[in-house]
Amino acid sequence: MNHRNPNIALSLAVSLALVFALAPAAMATTVVQESEVPAAGLDSIVVKAGSGSARIVTGADDRILIRVEISPRHWSDDNPFQAIKEWFLTSSYEDVDELVEAVRIDTEHKGEGKLRIGLTPSGSSRKDKVREAWTLTVPARMAVGLTMDAAEVEISGITGGAKVRAGAGSVQIDVPRGDLEIGLEVGDVDVSSGSGSLGAVDLQSTVGSTHLWMNGARIKYPNPPGPGSEVSVSGNGEDSVRVDVTVGDISVNVGGDA
């Protein structure tokens, strides 16, 4: 009778997991795609991306510069033992490299001053297969809409406002003014706005803490029972700040240093 030794099987699994986790980065393909769009007549962009990172900054020119680094998303990024199963069931690493090589920036004018920005092939084709590192340089007047699966997001300098939706990661925003709306499932949000015309501020974390500073003073607000926290303040100004996090902490500073 052939008895399998579970210790040997476990050792093999761990060894293979380490091979995937420690594989040299040079083995992976990284492709950089760049595009430039004149910003005349535009006042907003809407970006739909996958998983990775996004950095949005302002530039002096009246144009939109788009740069995306696309690389394979290693199986070991999430779960090395899942990598073992995927490797034995089907080895698709070369296919992922081909997918990385095929990715292109896709832009479309949607009318009323709006530009849609994304990648082809579609998001469902790229999901869990590639990592996207976005850098966008836009005129300061631009309003920004951004949707990503999981990402580290940084936005600075814009005055047109920002609307961000992401699954997991972090969101950091530092702007002079503008409406801000952020929704994040898991992760922390850090917002700094220099606006002197504040309207409604609504911060809510289902599991986590919320902190609001206005003109350097901490605004205290009674928390609901349970692990969550919220802050709600109403003003007569133009710029609203709304942040909703399922699991994570929220820190918002408006109008001055905390």
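Distant-in-sequence amide contacts of HIS211, defined by a placed amide H-H separation under 5 Å and a gap of 5 or more residues or a different chain, comprise ILE250, SER251, VAL252. The slack in the chain from THR206 to LYS48, taken as 0.36 nm per residue of separation less the alpha-carbon distance, amounts to 54.3 nm. A crude spin-label estimate for the pair GLU36 and GLU69, with each label 7 Å from Cα along the Cβ direction, gives 2.2 nm. In this structure, the amide hydrogen of GLU152, modeled 1.01 Å from its nitrogen in the peptide plane, lies closer than 5 angstrom to those of GLY52, SER53, ALA54, SER170, counting only residues at least 5 positions away or on a different chain. Of the residues ALA168, VAL243, GLY183, the one whose Cα sits farthest toward the positive end of the charge dipole of segment 161-258, with +1 on the Cβ of Lys and Arg and -1 on the Cβ of Asp and Glu, is VAL243.
Of the beta bridges in segment 161-258, as assigned by DSSP with both residues counted there, near 20 percent are antiparallel.
Short-range pairs are left out: with C-alpha atoms under 8 Å and at least six residues apart, the relative contact order of segment 161-258 is 36 percent. Residues whose amide H comes within less than 5 Å of that of ARG63, counting only those at least five positions distant or on another chain, are ALA39 (H built at 1.01 Å from N in the peptide plane).
Taking θ as phi - 60° and the Karplus parameters 6.51, -1.76 and 1.60, the scalar couplings of segment 206-214 work out to 5, 9, x, 10, 10, 9, 10, 10, 10 Hz in sequence order, x denoting glycine and proline.
For ALA140 and ASN236 in one chain, what is 0.36 nm times their gap in residues minus the Cα-Cα distance, to one decimal in nm?
Details: separation 96, 0.36 × 96 = 34.56 nm, distance 2.42 nm.
Taking 0.36 nm per residue and subtracting the Cα distance, the gain is 32.1 nm.
We did not get these values from a lab; they are worked out from the coordinates using the rules stated. Being a predicted model, the structure only gives us computed values, none of them experimental. A quick note on method: Cβ atoms are made from the backbone with ideal geometry, for glycine too, and the neighbour counts reach across all protein chains shown.
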